Structure formats: structure tokens, C-alpha cells
1. What are the pairs with Cβ atoms under 6 angstrom where one residue, in segment 70-86, is more than 9 Å from A137 (Cα to Cα) and the other, located anywhere, is loosely packed, with under 14 Cβ neighbours inside 10 Å and at pLDDT below 95? Sequence gap at least six, or different chains.
2. Return the total of residues in segment 58-82 being in contact with a His (Cβ under 9 Å, 6 or more places away or on another chain) and of a type in the set (V, I, T).
3. Checking T102 against (1) touching a Leu at 6+ places or on another chain (Cβ under 9 Å); (2) farther than 30 Å from R57 by Cα: exactly one of these is not met. Which one?
4. Within segment 153-167, track down each residue that is assigned to a helix (DSSP H, G or I) and not basic (K, R).
5. Just name the residue that is most open to solvent (accessible area, probe 1.4 Å) out of those in segment 143-165 that are touching a helix residue (DSSP H, G or I) at 6+ places or on another chain (Cβ under 6 Å), of a type in the set (A, V, I, L, M) and closer than 18 Å to K81 by Cβ.
6. Taking segment 160-171, which residues are within 8 Å of the chain's Cα centre (by Cα) and in contact (Cβ under 8 Å) with a residue 12 or more places away in the chain?
7. Checking Y120 against (1) within 23 Å of D73 (Cα to Cα); (2) in contact with a Pro (Cβ under 9 Å, 6 or more places away or on another chain), which single condition isn't satisfied?
8. Output yes when any residue across segment 101-114 is within 14 Å of G69 (Cα to Cα) and within 14 Å of the chain's Cα centre (by Cα), and no when none is.
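The values are calculated or read from the model by the stated rules, or taken from the named source; none is laboratory data. Small disclaimer: the values here were computed from a predicted structure and weren't measured. Every residue, glycine among them, receives a Cβ derived from its backbone with ideal geometry; neighbour counts consider all protein chains shown. The accessibility values were calculated without ligands, DNA or RNA, using every heavy atom of the protein model including side chains. Shrake-Rupley method; radii C 1.70, N 1.55, O 1.52, S 1.80 Å.
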Amino acid sequence: MSDTDNRQSLADLAALTQQAAAEPAPAPVAAEAGVEEAAPEAFAPAAPSTPAILREREVDAQGRSYATGRRKDAVARVWVKPGSGKITVNGRDQEVYFARPTLRLVINQPFGVADRVGQYDVIATVKGGGLSGQAGAVKHGIAQALSKQEPLLRTAVKQAGFLTRDSRVVERKKYGKAKARRSFQFSKR
């Protein structure tokens with residue numbers, strides 16, 4: 001493509017935009033019906049003093065929010081309710097179930113992002129996968145339940161990436177291979 005072709009297409013674009021601006025905008029239907037036309041400022045939304053809540057607060061009769069979290073092969077059912085910050089996983093305390101400090105750190109990330117450390121009790125049941133996948137599933141469930149408990153926290157939790165399900169799973173083994181991609185040892189002779 002040469003420079004003249006490029007200039008020509010830009011000139012055509014400029015002509016089209018000027019032509020569109022010169023045409024009068026179609027009159028609103030309300031004006032044809034005999035209703036007085038409102039000022040254009042009336043259609044502009046007023047600046048909200050507080051952020052608008054787009055979602056409703058979802059809690060049950062006991063004041064709990066429920067969510068399901070998933071990671072790898074693990075599925076966590078999570079209930080979040082206002083409390084002292086106690087986290088129970090499969091009927092055991094988080095320090096007992098997740099002995100590694102890194103796993104406990106993963107679970108508490110949504111509360112740290114939302115500045116709600118020690119304000120909510122969590123009851124979770126987890127099935128499938130290993131400890132790392134289960135910790136990720138509980139984190140995903142806590143983040144979802146927290147955004148249902150307090151809809152205003154959704155933006156902070158979403159920006160941290162905790163509401164998105166991590167879709168990475170183990171790749172399947174292929175026939176003719178030792179593992180998913182690992183080949184058998186090659187023998188030249």
C-alpha cells in the first residue's frame with residue numbers, strides 16, 4: 001500500500017465524518033407526539049454521590065452468603081457470615097487442615113484485598129484435588145461469597161483477579177507418549 005492510497009482513504013474518512021456531522025439528528029419520537037422536548041441536560045445522568053450498587057446483597061436466613069469455588073480438580077462450598085475471623089475447612093480449623101503457611105496465606109488473600117481481615121467467619125467443605133488446589137478453591141469461594149455479602153467489595157476483589165476461575169488444569173496423557181508431552185527414551189539402534 002502506498003502513501004497516496006493511505007492519504008486517499010484518510011481523506012475519505014474525513015469526508016464521511018463531516019457528512020455525518022452535517023446531517024440533522026432525527027427528532028425524538030416524543031416530540032412528534034406533541035410532548036414538549038426536554039433539554040439535552042435532562043438526559044445526562046447526574047453524577048452519583050455514592051457508587052451505585054448494581055447487585056443485590058445475597059444472604060440466607062442465618063445471614064450467610066454461599067458460593068462455590070473451583071480450582072484444578074477441587075470444588076469448595078463456602079459460607080461466609082459476619083464474625084470473628086474463624087475459618088473452618090471440612091470441620092477442622094484452617095491451621096490444622098492447611099498446615100503450610102503459604103496455603104493459609106492464599107485463603108486469606110480476599111480478606112486482605114477487601115480490608116475485612118478478622119471480620120467474617122468462614123465455613124467451607126472441599127472435595128477433590130490436592131491441598132494446593134483445595135486452597136485455591138476455598139479462596140475462589142471466599143471471594144465470591146464476600147462479594148455477595150457486600151456488593152460494594154466486588155470491584156476491589158475483581159480487580160485483584162479473585163473472582164475469575166483459574167481454568168488451568170492438568171493436561172491429559174496422550175497415547176504413544178510417557179506423559180502428556182514427555183516422549184519415551186529414544187534409542188538410535
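1. K81/G63; G85/G118
2. Going through segment 58-82 one residue at a time, the tally reaches 2.
3. (1)
4. Passing the criteria: L153, T155, A156, V157, Q159.
5. Taking the candidates together, the pick is L153.
6. F162, L163, R165 - these are the residues of segment 160-171 that are within 8 Å of the chain's Cα centre (by Cα) and in contact (Cβ under 8 Å) with a residue 12 or more places away in the chain.
7. (1)
8. There is at least one residue in segment 101-114 that is within 14 Å of G69 (Cα to Cα) and within 14 Å of the chain's Cα centre (by Cα).
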